Amino acid sequence: MYPSLTFTLDGTPIGAESRTTQPVINPATGALVGSLPCATTEDVDAALQSSQRALPGWRRMSPLDRSAILRRAATLTRDRAPDIARGITLDEGKPLAEALGEVMSCAEQFEWHAEEGRRIYGRVVPPRLPEVRQIVLREPVGVCAAFTPWNFPMSQAVRKVAAALAAGCTLILKGPEESPSAVVAMTDLLHEAGLPPGVLNTLWGDPAAISTQLITSPIVRKISFTGSVPVGKQLAALAGAHMKRTTLELGGHSPVLVFDDADIDRAAAMLAQFKLRNAGQVCVSPTRFYVQRKAYDRFVAAFADAMSTTRVGDGLAEGTQMGPLANARRVQAMEAFVDDAVSRRAEVVTGGRRIGDTGFFYAPTVLAGIVDDARIMTEEPFGPVVPVTRFDAIDEVLTRANALPFGLASYVFTESLKTAHAVSNGLEAGMVNINHFGMGNVETPFGGIKDSGMGSEGGTESMDGYLVTKFITQM
Ligand code: NAD
């Protein structure tokens, strides 16, 4: 059963009543699974008022008591994981095992931030005069607004919610309209865990209208957005005009550097599996493959084999390794990327086509011999299509890898310590993975540079976005 969909104002779930609604579609079948109530401008205003009212009580609550609520939320997340995961597979499409992994990672997010909120330390600065005492405090920034995308509907939301709440902020969340069930479940369980009304308000509706109303309101002091670069730039411009702090986790175009000395079969198998996670709709998905000349043919053959033998199907079906794309826009985007690549003489080694005409399935695809100015080499693919090209020398590949305005994740396969050292220094990226995929755990920072955004989520940096510094000097 797919849950009934609501947004939450002041601790109360709100249904459609006389409001407009949006359909929620199962991307594996194209069938309608739910109907989402859209917030009115009055609802957005009610969320602002509610968040402002709740702020003094929440920021005064001891970190220990806030921590207890977040820990209970972690327990409820684990208890309900099978149902929440099923909702994610139904509205976003990823295989059930992946959805379950996403939900379980949210329990960790709640737990880790519950503890980190108890470690928001200030400092004492030695004064210039003996009778002066100088103290630096870190205080909650206030009411925050967060906007989260459809690809990881629960974990993208929980990253922001857990950090803001642990820091003593209240938060208004506009989650993903296309895959809303997990945010509904998360909001319910937080309130059952004891979250006071108004500390977390949620909204659905027209993203541009809601974000504009929230960002321009004097009540909101900080925004956090995960999504595409163009939308991130728009929101950052609006936030700048209203002097709001921002954390932006935007798109990427992650280069993969496979050197001749790498364990080629291992790299090919690992990369195929990692690439097809959530059908490639991941901001840190490996997207541009540069393979050194001697290893190129062997890598392409092994990688294409692993891609083509991946079982694609409904995420609820037993044995499915890759589900559908989340919506029709992504299928059209894959078709356009492949057409462009083929028109520039790339070879379709495997895939290169939509699967069936029900739902939004696209075959895992490898494009060999791609040129650097093909669209897929410069625009974020966000799907299961991989362009592969050759390189000769380390300086050359670093120049090509760093040529785009993105700077999120990057991947390197080499057995040489010297090469690993050189590329980890030379890659312009927020995250460098060498011989394994090790990002995204709650205890490590996750974020990009250049057009890929600003600020980090996860790690001790996670709390920084929700805190402001106050200096006190006293004689
Ligand atoms: P899009 O640019 O229309 O939307 C991206 C996200 O921003 C969506 O969640 C959308 O609801 C939200 N959004 C759009 N306009 C907004 C506004 N004015 N205010 C607040 N939120 C707004 O693209 P799309 O078709 O939904 O997704 C495709 C592209 O988005 C991908 O190519 C990828 O670059 C990017 N994306 C990135 C992430 C990520 O994790 N960084 C996640 C999802 C999508």
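Computed from the coordinates by the stated procedures, all read-outs in this text should not be read as laboratory data. What you see is a predicted model; the values in this text were computed from it and never measured. When we count neighbours, we look across all protein chains shown, and the Cβ atoms used for this are built from the backbone with ideal geometry, even at glycine.
Spin-label pair Ala393-Ser424: with each label point 7 Å from Cα along the Cα-Cβ axis, the two points sit 2.5 nm from one another. Evaluating 6.51 cos²θ - 1.76 cosθ + 1.60 at θ = phi - 60° for every residue in the stretch 463-475, the Karplus couplings come out as 7, 4, x, 10, 10, 10, 9, 10, 9, 10, 10, 9, 10 Hz, glycine and proline recorded as x. Shown is the FRET efficiency for Asp65 and Ser18, computed with R0 = 56 Å from the Cβ-Cβ distance and rounded to the nearest 0.05: 0.90. Hull volume per residue, based on the alpha-carbon atoms of the stretch 254-434 and their convex hull, is 105 Å³. Pairs of Lys residues in the chain, spaced 8 or more positions apart or belonging to different chains, with C-alpha separations under 27 angstrom: 28 in total. Close amide H pairs (under 5 Å, H built 1.01 Å from N) link Val468 with Glu139, Val141, residues at least 5 positions away or on another chain. Helices in the chain, meaning DSSP H runs of at least 4 residues, each add -39500 (n - 2.57). Divided by all residues, the mean residue ellipticity at 222 nm is -12500 deg cm²/dmol. A cut-off of 5 Å between modelled amide H atoms, ignoring neighbours fewer than 5 places along the same chain, links Thr350 with Val366. Exposed loop sites here mean GluC sites (Glu not before Pro) with a DSSP loop assignment and at most 15 other beta-carbon atoms within 10 Å; the chain contains its longest site-free run at 132-317. Of the chymotrypsin sites (Phe, Trp or Tyr not before Pro) found in the stretch 95-195, those in coil by DSSP whose Cβ has at most 15 other Cβ atoms within 10 Å are Tyr121. Here r is the Cβ-Cβ distance between Asp83 and Ile472 and R0 is 41 Å; the resulting FRET efficiency, rounded to 0.05, is 0.30.
Give me the dipole magnitude in Debye, nearest 20, for the stretch 350-437 about the Cα centre, with unit charges on the beta carbon: positive for Lys and Arg, negative for Asp and Glu. Dipole about the Cα centre, nearest 20: 240 debye.
Once the Cα-Cα distance is subtracted from the 0.36 nm per residue extended length, the Glu443 to Asp305 segment shows a gain of 46.2 nm. Among 64-70, 405-411, sorting by the average number of other beta carbon atoms lying within 10 angstrom of each residue, highest first, gives 405-411, 64-70.
If you look at the Cα atoms of the chain, you get an Rg and a Dmax of 23.0, 78 Å.
Were the residues from Asp265 through Thr29 laid out at 0.36 nm apart, the gain over their Cα-Cα distance would be 81.5 nm. Let me make sure I get this right: for the stretch 175-259, a, b and c are the square roots of the gyration tensor eigenvalues over alpha carbons, sorted descending. Under 1.5 in a/c it's rounded, otherwise prolate if a/b > b/c, else oblate. Which is it? Since a/c reaches 1.5 but b/c is at least a/b, the shape of the stretch 175-259 is classed as oblate.
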